[in-house]
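Below: the structure, in structure tokens.
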């Protein structure tokens, strides 16, 4: 800063009128000059954006609010350890405590997830670590689920909200989301950085959307949380709104001023309900993976997930599916036999493969290895090559050359 500029600023400060200091504000205190008439005619000041009031919420800072809620759930053991492998290949050999799980969901100003998208509402849910009060409930069990909601009532509150979420989420052993791997967590990390905060390191993340797609994508019309809630968990959440309508509700609230909370009431309940549904879905999946039975699950998808930690159970599921005529189970069952070293049983399934590139390739292998028919093996490999590409085409070309040489050697020997 130049010397002339410093001199001018000092002159402005010295000549400016000092602000009146009214002293500390005490609720209910009255000034000595205030008359009864003034008290009776004095109107409430117009609410500024930072003075919005949210009924049922606690104001933490001028633009940041939060509230706590408890609800009843099916009794669970908070100390229960969940096998992480079916939820993610990264969680192989990892056991996760139910009490250490944090269920997390954001509502945002847009669905694109870019740097201009802001999270204005968040819910964090946890199973209570204390026993509930349901009659006859076993010791060590809980029937309470606790959620905390955070909201900024305008953009200046984002930093406070993100900071509080960072602290709370950092305490969790694992984070449970629905599409959080692609949306919620990347956006949250971006907002941390944009607000000058270090994003928390989450030890483990369970994204239940990837699990749901494995289990129900061929069974249900889609795998949205609402569909899973309705078709699998048999939950009717009542009045609600689609996620795509939430950003506009937020902008309407900003335009509406002090009396606009009713615009967001359904948004609050939607966000809170999503997190409670996550908890119920996690509980259903954890129990199903232990027993090998998940309601309405595609057996092939269930076998893939269980195969990460319990290949014996996965094999049993695939064999049961084959016995019921499920031809889609042939390929995964062959892979399972191959991993288990059961090569004869693997080859016994080859005739049931479809006449696609892979099926023709495997039938060529069977013709060579088991039937000792080189001409049939060459014919099948040639058919497979007609529609092959990439590495499979290279493999088939090499195979045809080798089989041709073997056939020539066999012919010369005769």
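The table for this structure:
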read-out	value
Matching residues, the range 397-414, being farther than 16 Å from residue 369 by Cα and at pLDDT 95 or above	397, 398, 401
Sole residue being free of Cβ contacts under 8 Å to residues at least 24 places away in the same chain, more than 29 Å from residue 287 (Cβ to Cβ) and under 37 Å from the mean Cα position of the chain (by Cα), chosen from 400, 353, 313	353
The lone exception for residue 91 - which of (1) out of contact with any helix residue (DSSP H, G or I) (no Cβ under 8 Å at 6 or more places or on another chain); (2) farther than 29 Å from residue 264 by Cα; (3) crowded, with 22+ Cβ neighbours inside 10 Å it fails	(3)
Qualifying residue in the range 243-256 (condition: over 15 Å from residue 120 (Cβ atoms), free of Cβ contacts under 8 Å to residues at least 40 places away in the same chain and out of contact with any helix residue (DSSP H, G or I) (no Cβ under 6 Å at 6 or more places or on another chain))	no
Filter result for the condition that a residue is in a loop (DSSP other than H, G, I, E, B), without any contact (Cβ under 8 Å) to a residue 12 or more places away in the chain, out of contact with any strand residue (DSSP E or B) (no Cβ under 9 Å at 6 or more places or on another chain) and over 20 Å from residue 309 (Cα atoms), over 325, 341	325
Failed item in (1) within 23 Å of residue 280 (Cβ to Cβ); (2) surrounded by 19 or more Cβ atoms within 10 Å (Cβ to Cβ); (3) without any contact (Cβ under 8 Å) to a residue 60 or more places away in the chain, with residue 162 passing the rest	(1)
Test: residue in the range 126-142 that is in the same structural domain as residue 76 (by TED's automatic domain parsing), modelled with pLDDT of 95 or more and either in contact with a strand residue (DSSP E or B) (Cβ under 6 Å, 6 or more places away or on another chain) or not in a strand (DSSP E or B) (or both)	no
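The values are calculated or read from the model by the stated rules, or taken from the named source; none is laboratory data. All of these numbers come straight from a predicted model, not from anything done at the bench. With ideal geometry, Cβ positions are generated from the backbone for all residues, glycine too; neighbour counts draw on all protein chains shown.
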